[in-house]
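The values are calculated or read from the model by the stated rules, or taken from the named source; none is laboratory data. Not measured: the values here are computed from a predicted model. Glycine also receives a Cβ, built like all others from the backbone with ideal geometry; neighbour counts cover every protein chain displayed. When the accessible area is computed, the model is the full protein with side chains, heavy atoms only, and any ligands, DNA or RNA have been set aside. Shrake-Rupley method; radii C 1.70, N 1.55, O 1.52, S 1.80 Å.
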Amino acid sequence: MPIPGSGLAKGLAVTLRTMTKRSHTAQYPEVQPELPPRSRGVIGLFEENCTVCMLCARECPDWCIYIDSHKETVPASTPGGRERSRNVLDRFAIDFSLCMYCGICIEVCPFDALFWSPEFEYAETDIYELTHERDKLREWMWTVPAPPALDPAAEEPKEIAAARKAVEKAEAAAAAAAAAAAAETAQAADTEPPTTPSPEGDA
């Protein structure tokens, strides 16, 4: 059982230790704080990667992501092919007055369209200005820090390994096709009948 008054004694001990030290005042905003590179400041949107799958809006616990889109018909790329439809992003907005910075939207995005930016100075006097539309979210994208370098001892990512194997396979097929074409050309040159020069004086 704790001794009565031990909590008060501990609190007073902390007070006595700190009262003799000089206080350190951060001169903000003249001196910017040193934040970790992956600080949760604001969310940037890389809309080229967005497929309007709506996962971020559905998983958001605060319902602060607003997405509008429409479908467009893409003509067939080959003759006789079938037309396809694709989603086109019309609106992507995040209401940061509701956002609790949980990061679920960034985690569930399957195409890496949302990123954390360490920028945090976007306070507004009007609460409606805290709803950032896709143009403003795109501007935050340029403040996203670069990802850390890969560990040289780590395994090669599966996506990169698959892409490398596909390129190597295509290069090997192209080399084999070129070798086959060269062999056919050489064989055709060997099978051609030799031409004899006509004797001089023939009309």
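Do we have residue 28 as open to solvent by 90 Å² or more (accessible area, probe 1.4 Å) and either at pLDDT 90 or above or out of contact with any helix residue (DSSP H, G or I) (no Cβ under 6 Å at 6 or more places or on another chain) (or both) here?
So residue 28 fits the description; yes.
Report the residue count in the stretch 80-130 for those that are part of a helix (DSSP H, G or I) and touching a helix residue (DSSP H, G or I) at 6+ places or on another chain (Cβ under 6 Å).
Selection size over the stretch 80-130: 3.
Look through 22, 40 and report the one residue that is at pLDDT below 85, assigned to a loop (DSSP other than H, G, I, E, B) and open to solvent by 100 Å² or more (accessible area, probe 1.4 Å).
Answer to the check: 22.
For the stretch 46-74, name all the residues that are touching a Leu at 6+ places or on another chain (Cβ under 7 Å) and open to solvent by 70 Å² or more (accessible area, probe 1.4 Å).
Hits for the stretch 46-74: nothing passes.
What do you reckon, is residue 77 more than 21 Å from the chain's Cα centre (by Cα), outside any strand (DSSP E or B), in contact (Cβ under 8 Å) with a residue 12 or more places away in the chain and loosely packed, with under 15 Cβ neighbours inside 10 Å?
No; evaluated as a whole, the condition is false for this residue.
Does residue 124 count as under 10 Å from residue 45 (Cβ atoms) and surrounded by 11 or more Cβ atoms within 10 Å (Cβ to Cβ)?
no
Answer with yes or no whether residue 77 is of a type in the set (S, T, N, Q) and closer than 27 Å to residue 159 by Cα.
The answer is yes for residue 77.
Identify, please: which residue in the stretch 131-160 is at pLDDT below 85, assigned to a helix (DSSP H, G or I) and of a type outside the set (Asp, Glu) and is, among those, most open to solvent (accessible area, probe 1.4 Å)?
158
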